Every structure is written in structure tokens, then in C-alpha cells.
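Notes to accompany the following structure.
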């Protein structure tokens with residue numbers, strides 16, 4: 001697969017560039033929001049859990065409806081519009097900070113609004129890609145997108161750490177707002193002839209379309225095994241997402257910049273994972289590549305736990321970076337195979353519903369688990385809670401390995 005095979009479409013190149021730039025800003029914001037809760041608002045792990053739940057709550061509330069609506073609309077204009085909405089919403093964070101109105105409840109409201117726009121944007125974005133590329137290019141294209149995302153996840157936390165140290169967490173969010181503006185302007189230049197939007201949709205018809213999407217995702221498509229395993233994977237991921245920041249900043253006493261370096265290590269791992277995933281997939285197949293990735297995730301979290309042993313400061317930082325690097329490697333290897341397999345077996349008219357149904361339930365897991373994980377971390381301690389996440393990842397990998405999914409190969 002040559003580079004020109006993927007990038008032969010100028011439309012895809014613009015799509016990829018918009019995704020890469022806005023992705024960088026998003027990683028800065030994710031870092032800044034966690035730092036804001038811990039360092040600016042002096043919050044706890046439970047507070048980080050509530051913030052993470054707020055971020056993904058719109059998927060639980062609106063996800064199923066959004067998928068059905070997006071399947072009946074032109075996807076590119078929706079992406080442009082929601083990019084601009086996200087840019088405007090994020091401006092509220094530094095504004096409230098400047099007016100001395102910033103609090104955890106206020107921050108959660110902003111994050112819910114931001115997440116609502118993100119639901120629509122994500123449904124449109126993932127459903128647009130099969131319209132830009134031939135089916136045979138989807139997995140390598142996803143690998144290229146993951147590679148850009150991995151670079152963003154490398155530079156984003158490091159840049160976020162520098163910005164938080166230099167100007168504070170609230171102002172660091174401004175960068176993400178600008179990247180969404182860039183993304184909207186870039187996407188507007190894509191020339192794509194999409195089917196006309198459906199008209200005359202009734203509430204009953206919309207409910208029927210939602211039900212069709214759920215039935216396809218969990219019955220008619222053959223995606224159910226992977227879908228259920230991914231839901232379970234998100235339980236472990238939600239725990240890590242809540243615990244890692246307070247674990248690093250409070251328990252291990254890392255600085256914001258050092259925590260940014262840890263995040264950058266995860267990005268480097270993801271870059272490597274995205275670079276080798278097509279090669280690995282051709283040799284192992286889709287199913288085995290995903291299973292191996294989940295076992296690597298298990299090892300990654302165990303390494304994070306070991307960083308809490310009595311080590312010199314440099315050793316603590318190094319071991320945590322190894323854990324985060326392996327975590328990024330696993331995600332970089334698995335994501336393109338999961339996404340391309342889902343898209344390849346799903347017809348165009350069901351793309352948004354299928355993608356958003358599964359994404360919504362994955363994010364619903366975070367909404368439920370994140371606050372619980374925060375409370376468990378405060379009650380049990382950070383390391384036992386991380387060990388729980390490692391056990392969950394191991395069970396997901398072993399469970400998939402015990403099914404026929406291990407022999408799955410993406411259709412050509």
C-alpha cells in the first residue's frame with residue numbers, strides 16, 4: 001500500500017489535515033481540563049471522574065438520535081458547523097476564569113455543551129470517510145488518521161504542560177478553539193457531491209431508524225462480539241482516564257510539565273502503533289491484532305502501577321512513561337482495524353447510526369464508570385484501582401481470544 005494510494009484524493013488530504021490540527025488542540029484541552037481540576041480548582045480524583053462523565057454524557061443522552069439524523073443529512077456541512085460551535089463553546093472557559101466565575105459545576109456545563117457538538121461532529125466525520133475513499137483504502141486511511149492523532153497525542157500533552165505552566169490551564173484551552181476554526185475552514189474547501197438530505201422524517205420514522213441501527217449493530221452485522229468486548233474495554237479505559245492525572249500529579253508528585261511528558265510518551269507509542277498496524281494486520285488478521293493490542297494494554301497498566309513503587313524520581317517518571325507508551329502503542333495498533341472493520345461491513349445508509357450507536361454506548365460506559373472510578377480511587381487508593389483496570393483489560397483480551405473473532409479478517 002503506497003502513500004499515494006491513500007492520499008490520491010485531495011478531499012481526503014483536507015479531511016486528514018483538519019482532523020490532525022483539531023486533534024492537537026483537543027489533546028491540549030484534555031490535558032488542560034484535568035490540570036485545571038487538580039491544580040486550579042484543587043479537586044480530587046472523584047472531581048476528575050465527574051468531569052469525564054460530563055464530557056461523554058451527551059453521547060448517552062443524544063447519541064442514538066444523532067446517528068439517525070446524520071444518516072439523513074449531508075455530512076460535510078454538519079462537520080463544518082459543529083467545528084465552529086465547539087470553537088465558540090470552549091471560549092467560555094477562559095472567559096469564566098477571567099470573570100472569577102469558574103467552578104466545577106460551571107466547567108461541567110461547558111463540557112456538556114462541547115460534548116453535544118462533538119457527538120454530531122463525530123457521527124458526521126466517521127460516516128463521511130467511506131464517501132471519500134474506496135473500501136480497500138479504509139484501513140490504511142484510518143491508520144494514517146491514527147498516525148496524525150498519535151502525533152497530536154505526543155505533542156498535545158507536552159504543549160499543554162508548557163502552556164499550563166506558562167499561562168495557566170484556563171488560557172491553554174484557547175489553542176483548541178483556534179484549531180477548530182482552522183478545521184472548519186479546511187473542511188469547507190472539500191468538494192464532495194453528497195446525496196440530498198431526506199425530507200418528511202417523522203418522529204415515528206426516526207424511532208424506527210434508530211431501532212434499525214441498534215439491530216444492525218448487535219444482530220445483523222456480526223459486530224456484536226467486538227462491540228460487547230469494546231464496551232468492557234471502555235470500563236478499564238474510563239478507570240485509567242480518571243485515575244492517571246491525580247495519580248501522577250498528587251500521588252507521584254509530578255509537575256504539570258512532567259505529566260505532559262508522560263502523555264507525550266503515550267503519543268510516541270501511538271505513532272509507532274499506527275505505523276506498524278497495517279503490517280501487523282496483514283500477518284495476524286484483524287481479530288488477532290486487536291486481541292494482542294488488548295494484552296499490551298494490560299501490560300501498560302501494570303507498568304503504571306509499578307511506577308508507584310519506591311523509586312528515584314527519575315525512575316518513577318521513566319516507568320510511568322513506559323506504561324503510557326505501551327498504552328498508546330496498543331491503541332495505535334487496534335483502532336484502525338476496529339473502525340475499518342465496522343465501516344466495511346456496514347452499508348452507507350447505516351454508517352452514522354452504527355458508528356454513533358456503538359460510540360454512544362462506549363461513552364455511556366464512561367459516564368457511569370468515571371464517577372465510580374474516582375470514588376474508588378479516593379477510597380481504595382490509586383494503585384489498587386489501576387490494578388482493577390488491568391484485570392478488566394486482561395479479561396477482554398482473553399474473552400475475545402476464546403471466540404471465533406480471533407479468526408476474523410477484514411473483507412477486502
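The values are calculated or read from the model by the stated rules, or taken from the named source; none is laboratory data. As the structure is a prediction and not an experimental result, all values here were calculated from the model. Virtual Cβ from ideal backbone geometry, glycine too; neighbours counted across all protein chains shown.
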Check your understanding: Does residue 41 satisfy the condition of being surrounded by 18 or more Cβ atoms within 10 Å (Cβ to Cβ), at pLDDT 80 or above, touching a helix residue (DSSP H, G or I) at 6+ places or on another chain (Cβ under 7 Å) and farther than 15 Å from residue 144 by Cα?
Key -> no
Review point. Which residue, of 129, 102, 175, is modelled with pLDDT under 90, farther than 30 Å from residue 68 by Cα and part of a helix (DSSP H, G or I)?
Key: 175
Practice item. Inspect all residues belonging to the range 219-226 and state whether any of them is under 20 Å from the mean Cα position of the chain (by Cα) and without any contact (Cβ under 8 Å) to a residue 60 or more places away in the chain. Key: no
Review point. Checking residue 323 against (1) closer than 23 Å to residue 392 by Cα; (2) in contact (Cβ under 8 Å) with a residue 24 or more places away in the chain, which single condition isn't satisfied?
Key: (2)
Exercise for review: Provide a single number: the residues in the range 88-124 that are buried (at least 23 other Cβ atoms within 10 Å of the Cβ) and more than 21 Å from residue 366 (Cα to Cα).
Suggested key: 3
Exercise for review: Output the number of the condition that residue 136 fails; it satisfies all remaining conditions of (1) under 18 Å from residue 34 (Cβ atoms); (2) surrounded by fewer than 24 Cβ atoms within 10 Å (Cβ to Cβ); (3) modelled with pLDDT under 75.
Suggested key: (1)
Check your understanding: If you check residue 211 against the conditions, is it without any contact (Cβ under 8 Å) to a residue 40 or more places away in the chain and farther than 16 Å from residue 364 by Cα?
Key -> yes
Study note, to complete from the structure: Selection from the range 281-297 of residues more than 18 Å from residue 136 (Cβ to Cβ) and touching a residue at least 24 places away in the same chain (Cβ under 8 Å) yields 287, 288, 290, 291, 292, 293, 294, 295, 296, 297
**Study point:** Selection status of residue 142, surrounded by 24 or more Cβ atoms within 10 Å (Cβ to Cβ), touching a residue at least 24 places away in the same chain (Cβ under 8 Å) and within 22 Å of residue 352 (Cβ to Cβ)
**Key:** yes
**Study point:** helices (runs of 4 or more DSSP H) lying entirely in the range 286-398 (those with 1 or more residues that are within 21 Å of residue 118 (Cβ to Cβ) and over 21 Å from the mean Cα position of the chain (by Cα))
**Key:** none
**Study point:** Of the criteria (1) at pLDDT 80 or above; (2) part of a loop (DSSP other than H, G, I, E, B), which one residue 73 fails
**Key:** (1)
Exercise for review: Inspect the range 364-374 for any residue being crowded, with 17+ Cβ neighbours inside 10 Å and over 28 Å from residue 307 (Cα atoms) and give the result as yes or no.
Suggested key: yes
Practice item. Scan 394, 402, 398, 352 and give me the residue that is in contact (Cβ under 8 Å) with a residue 40 or more places away in the chain and surrounded by fewer than 20 Cβ atoms within 10 Å (Cβ to Cβ). Key: 394
Review point. Which numbered condition trips up residue 306, out of (1) touching a residue at least 24 places away in the same chain (Cβ under 8 Å); (2) in contact with a helix residue (DSSP H, G or I) (Cβ under 8 Å, 6 or more places away or on another chain)?
Key: (1)
Exercise for review: Please state which of the following conditions residue 63 fails to meet, knowing it meets all the rest: (1) more than 26 Å from residue 331 (Cβ to Cβ); (2) part of a helix (DSSP H, G or I).
Suggested key: (1)
Practice item. Could you tell me whether residue 245 is crowded, with 22+ Cβ neighbours inside 10 Å, within 29 Å of residue 375 (Cβ to Cβ) and modelled with pLDDT under 85? Key: no
